[in-house]
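Heads up, the thing below is written out as structure tokens.
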Amino acid sequence: MHTEVIVVAAGSGSRMGSDIKKQYLPLAGAPILIRTLQALAECSSVDRMVLVVSEDDREYVHTLCQEHQMMKIGAIVAGGRERQDSVRRGLAALDEKTELVAVHDAARPLVTMEEVEAVLAAARTKGAATLGVPVKDTIKRVAEGLVQETLPRSELFAVHTPQAFHRRVLEDAHQRSLEVGGLGTDDASLVEWAGVPVTMVEGRYTNLKITTPDDLVIAEALWKLKGERVR
Ligand SMILES: Nc1ccn([C@@H]2O[C@H](COP(=O)(O)OP(=O)(O)OP(=O)(O)O)[C@@H](O)[C@H]2O)c(=O)n1
Ligand SMILES: C[C@](O)(CO)[C@H](O)COP(=O)(O)O
């Protein structure tokens, strides 16, 4: 199946609180976005990538990709207000022969080739799959400062990207969400709302989303251990 990854990098990185958007901050000497693209480009199943960035950053990112000799970049398109809007714009730029689509956060540069290939393989056969890890903490639902309930930890996963889908499944889920005004924090939720089962593929704890300054410190440390089996 011809396979593309939509890499969403059009966020403002507000929780990082940095003057430079977090996707352009360095990780082991190269921008986080480049580290993410390098990880994806290594995967033999990935044929093409669509990069979604802020309109103002398109030229800069184009130059950055050339400087770092990034392969497989098929298009660089402008993102939208919410992550979901950015994914939808990425969907519009897919190659017409693409049948399998993954969506990955630019802010997850530590994803491994094994994780990407595993989620693509699951989506290829099942139609929809996401990476995730079992939660380590006890999770409680809280309202107005009061604990309402303790959720059964054995059933809980923290969800990562990439998430991968048959193209039609993802396109239909996005169209449906657009029509009803549904907003999800990931693509799998839109697919779930459309009634399509999503397979959970267990990934590694190291595939963290760089969100706040402490994540950057952790990511630098994990980068140094890359290649070793760290979970
Ligand atoms: N309108 C948006 C919002 C987010 N993203 C991307 O979605 C991924 C996950 O989002 P997050 O880590 O929350 O990034 P930001 O929205 O940039 O961060 P913040 O919420 O702190 O502003 C990131 O790679 C981000 O660039 C995007 O492409 N378009
Ligand atoms: C898609 C995601 O990375 C899965 O964990 C996450 O939901 C993105 O959320 P954010 O609010 O954009 O950080």
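The values are calculated or read from the model by the stated rules, or taken from the named source; none is laboratory data. Note that the coordinates shown come from a computational prediction; the quantities given were computed from them, not determined experimentally. Glycine gets a Cβ as well: all are built from the backbone with ideal geometry, and neighbour counts include every protein chain shown. Surface accessibility is based on the protein's heavy atoms, side chains included, excluding ligands, DNA and RNA. Shrake-Rupley method; radii C 1.70, N 1.55, O 1.52, S 1.80 Å.
Here is a check on your reading of the model: is Thr125 of a type outside the set (A, V, I, L, M, F, W, C), closer than 30 Å to Pro152 by Cα and open to solvent by 10 Å² or more (accessible area, probe 1.4 Å)? It is true that Thr125 is of a type outside the set (A, V, I, L, M, F, W, C), closer than 30 Å to Pro152 by Cα and open to solvent by 10 Å² or more (accessible area, probe 1.4 Å). Among the residues in the stretch 78-100, are any within 16 Å of ligand 2 (Cβ to nearest atom), over 24 Å from Met1 (Cβ atoms) and part of a strand (DSSP E or B)? Checking the stretch 78-100: not a single residue is within 16 Å of ligand 2 (Cβ to nearest atom), over 24 Å from Met1 (Cβ atoms) and part of a strand (DSSP E or B). For the stretch 67-75, check the following and say yes or no: at least one residue is farther than 18 Å from Tyr205 by Cβ, in a helix (DSSP H, G or I) and more than 15 Å from the chain's Cα centre (by Cα). So far as the stretch 67-75 goes, yes, one or more of its residues are farther than 18 Å from Tyr205 by Cβ, in a helix (DSSP H, G or I) and more than 15 Å from the chain's Cα centre (by Cα). Which residues, counting only those in the stretch 173-198, are open to solvent by less than 40 Å² (accessible area, probe 1.4 Å) and not in a loop (DSSP other than H, G, I, E, B)? Those that are open to solvent by less than 40 Å² (accessible area, probe 1.4 Å) and not in a loop (DSSP other than H, G, I, E, B): Ala173, His174, Ser177, Asp187, Ala188, Ser189, Leu190, Val191. For the stretch 203-228, a tally of residues being in contact (Cβ under 8 Å) with a residue 12 or more places away in the chain and under 21 Å from Pro134 (Cα atoms) returns 11.
The numbered conditions (1) part of a helix (DSSP H, G or I); (2) within 16 Å of ligand 2 (Cβ to nearest atom); (3) more than 15 Å from the chain's Cα centre (by Cα); (4) not aliphatic (A, V, I, L, M) are all true for Arg168 except (2). Look through the stretch 106-117, keep the residues that are touching a residue at least 24 places away in the same chain (Cβ under 8 Å) and surrounded by fewer than 17 Cβ atoms within 10 Å (Cβ to Cβ), and return whichever of them is nearest to Thr130 (Cα to Cα). Result: Glu117.
Can you find a residue in the stretch 135-150 that is assigned to a loop (DSSP other than H, G, I, E, B), on the phi > 0 side of the Ramachandran plot and modelled with pLDDT of 95 or more? Looking through the stretch 135-150, at least one residue is assigned to a loop (DSSP other than H, G, I, E, B), on the phi > 0 side of the Ramachandran plot and modelled with pLDDT of 95 or more. Sub-9 Å Cβ pairs linking a first residue in the stretch 155-166 that is without any contact (Cβ under 8 Å) to a residue 40 or more places away in the chain and farther than 9 Å from Ala129 by Cα to a second residue that is within 16 Å of ligand 1 (Cβ to nearest atom) and among the acidic types (Asp, Glu), at least 6 apart or interchain, are Val159/Asp186, ordered by first then second residue.
Within the stretch 73-100, restricting attention to residues that are basic (Lys, Arg) and surrounded by fewer than 16 Cβ atoms within 10 Å (Cβ to Cβ), the residue that is farthest from ligand 1 (Cβ to nearest atom) is Lys97. Within the set Val61, Val46, Val103, the sole residue that is open to solvent by less than 30 Å² (accessible area, probe 1.4 Å), under 14 Å from the mean Cα position of the chain (by Cα) and of a type in the set (A, V, I, L, M, F, W, C) turns out to be Val103. Looking across the stretch 156-165, the residues that are surrounded by fewer than 20 Cβ atoms within 10 Å (Cβ to Cβ) and in a strand (DSSP E or B) come down to Phe157, Ala158, Val159. So is Ser54 in contact (Cβ under 8 Å) with a residue 40 or more places away in the chain, polar (S, T, N, Q) and more than 13 Å from ligand 2 (Cβ to nearest atom) or not? Judged against the criteria, Ser54 is a match. Each residue in the stretch 4-43 was checked for being open to solvent by 10 Å² or more (accessible area, probe 1.4 Å) and in a strand (DSSP E or B), and 3 pass.
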